[in-house]
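The block underneath contains the structure these notes are about, expressed in structure tokens.
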Amino acid sequence: MPNFRKKQKNVKEVKKAGGPSPSMVLPLNKKHGQHLLKNPGVLEKIMDAADIKSSDTVFEIGPGTGNMTVQLCQKAKQVIAQEIDPRMAAEVKKRVTQSGKTNLIVKEGDALRAEWPPFHVCAANLPYNISSPFTFKLLAHRPKFRSAVIMFQKEFAERLVSKVGEKSYGRLALNVSLFSKVTTVCTVSRKSFNPPPDVDSMVVKFVPRDPAIEVDFSDWDGMVRICFSRKRKTLHASFNTKCNLKLLEQNYKTYCALTNTIPTKEPFGPYVLNVLKECGVSVQRAITLDLDQYLKLLLEFNKKGIHFSNMMNKDTQNKPSLAKAMEEAAEDDTSDIDME
């Protein structure tokens with residue numbers, strides 16, 4: 001009897017939230033990080049932010065039992081849903097069919113490993129453990145999309161939207177801002193889910209930059225890594241280490257050899273540090289510089305022949321894809337929050 005009452009209570013909660021019928025209530029799989037959104041107010045805000053047009057193709061990741069999917073199918077020309085759990089995939093197909101819509105395609109499999117289709121809008125309620133690699137796969141996706149409305153763990157989302165000078169401002173916000181403008185849609189209490197996760201959430205909206213900023217991402221990320229490696233120190237201190245100067249000098253010598261450039265006669269350390277001085281950022285800290293300042297800094301370094309990625313890999317045959325480079329950059333990004 002206690003188990004029956006608990007099941008009745010869960011069904012009532014789902015009904016109240018405008019969720020699936022009792023037959024669609026499935027045991028959730030913890031390994032997939034499944035938490036079903038039961039707050040219709042949050043769903044309404046997501047739909048408003050997505051601003052779906054009747055001609056749109058929408059790519060939804062992790063549709064679950066289809067609360068959002070049904071609404072997307074009512075507004076979009078086509079919805080392509082990527083679902084890792086075969087049970088959920090079957091349920092969302094069934095639910096959309098019962099609603100009278102035939103514009104849903106469900107693909108089973110891991111969204112990080114799958115090849116993504118072209119789309120106008122992306123919508124997702126993500127397992128939080130894939131936030132970084134998902135974000136960079138999204139921003140590297142081509143052809144370019146119009147927008148993406150994504151729910152993340154609140155702490156991660158706050159780092160995405162953080163501004164210059166804020167404590168959470170770091171490589172994540174800077175790298176993302178290179179490709180997209182990111183804004184907050186709403187915060188979401190953990191009580192808005194069934195079962196409740198251990199943390200609160202936040203919905204953010206990505207709008208890709210148009211036109212895109214042209215930059216060699218490997219070179220860019222190499223510079224930004226040095227800048228944020230000691231984010232509470234000045235940039236002069238971050239660059240003026242034996243390890244960094246040795247690496248940069250190796251790249252510089254390779255550049256000179258490949259381009260038949262006569263190397264500078266100036267000692268290499270001062271040669272590098274003078275670029276910081278000329279840009280007026282020598283005594284500044286990484287968290288005080290904005291995107292434009294970092295772009296200018298990279299340009300000035302490159303003018304001097306100073307590069308932050310291996311010059312031997314600059315040819316198109318060996319150059320990694322943008323998506324791969326961004327995913328690699330994301331792997332240790334979380335470490336920059338508390339780094340001295």
Subject >> Members of region 247-277 found to be assigned to a helix (DSSP H, G or I) and among the polar types (S, T, N, Q), listed by number >> reply: GLN250, ASN251, THR254, THR259, ASN274
Original post:
Just wondering, is there one or more residues in region 218-228 that are free of Cβ contacts under 8 Å to residues at least 12 places away in the same chain, of a type in the set (D, E, K, R) and either exposed (fewer than 13 other Cβ atoms within 10 Å of the Cβ) or assigned by TED's automatic domain parsing to the domain that holds GLU300 (or both)?
Top reply: no
**OP:** With the condition kept exactly as written, say whether any residue in region 232-244 is of a type in the set (Lys, Arg) and modelled with pLDDT under 95.
**Re:** yes
**OP:** Give the number of residues within region 278-312 that are under 26 Å from VAL161 (Cα atoms) and assigned to a helix (DSSP H, G or I).
**Re:** 12
Original post:
Can you find a residue in region 253-261 that is over 28 Å from the mean Cα position of the chain (by Cα) and basic (Lys, Arg)?
Top reply: yes
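Considering THR183, THR234, which residue is over 30 Å from ARG146 (Cβ atoms) and of a type in the set (Ser, Thr, Tyr)?
Matching residue, one of THR183, THR234: THR234.
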Subject >> Contacts under 7 angstrom Cβ, first residue in region 49-78 being on the phi > 0 side of the Ramachandran plot, partner part of a loop (DSSP other than H, G, I, E, B) and buried (at least 20 other Cβ atoms within 10 Å of the Cβ), 6 or more apart >> reply: GLY64/GLN34; GLY66/PRO20
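Every residue, every condition in (1) in the same structural domain as MET202 (by TED's automatic domain parsing); (2) charged (D, E, K, R); (3) over 28 Å from ASP290 (Cα atoms); (4) surrounded by fewer than 17 Cβ atoms within 10 Å (Cβ to Cβ), yes or no:
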site	(1), (2), (3), (4)
GLU108	yes, yes, yes, yes
ARG113	yes, yes, yes, yes
TRP116	yes, no, yes, no
ASN125	yes, no, yes, no
PHE134	yes, no, no, no
LYS144	yes, yes, no, yes
PHE152	yes, no, no, no
ALA157	yes, no, no, no
VAL164	yes, no, no, yes
Original post:
So which of LYS181, LYS137, LYS191 ends up being over 25 Å from HIS35 (Cβ atoms) and of a type outside the set (S, T, N, Q)?
Top reply: LYS181
Original post:
Taking region 154-187, which residues are part of a strand (DSSP E or B) and more than 12 Å from the chain's Cα centre (by Cα)?
Top reply: THR183, THR184, VAL185, CYS186, THR187
Original post:
If you take the residues of region 274-302 that are more than 14 Å from THR234 (Cβ to Cβ) and touching a Cys at 6+ places or on another chain (Cβ under 7 Å), which of them is surrounded by the most Cβ atoms within 10 Å (Cβ to Cβ)?
Top reply: GLU300
Original post:
How about region 36-123: which strands (runs of 3 or more DSSP E) wholly inside it have at least 3 residues that are under 23 Å from PRO195 (Cα atoms) and not aromatic (Phe, Trp, Tyr)?
Top reply: 78-83
Original post:
Can you tell me which residues in region 74-90 are more than 21 Å from the chain's Cα centre (by Cα) and surrounded by fewer than 24 Cβ atoms within 10 Å (Cβ to Cβ)?
Top reply: GLN74, LYS75, LYS77, GLN78, ASP85, PRO86, ARG87, ALA89, ALA90
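The values are calculated or read from the model by the stated rules, or taken from the named source; none is laboratory data. Quick caveat: nothing in here was measured; it's all calculated off a predicted structure. In this analysis, Cβ positions are derived from the backbone assuming ideal geometry, glycine residues included, and neighbour counts consider all displayed protein chains.
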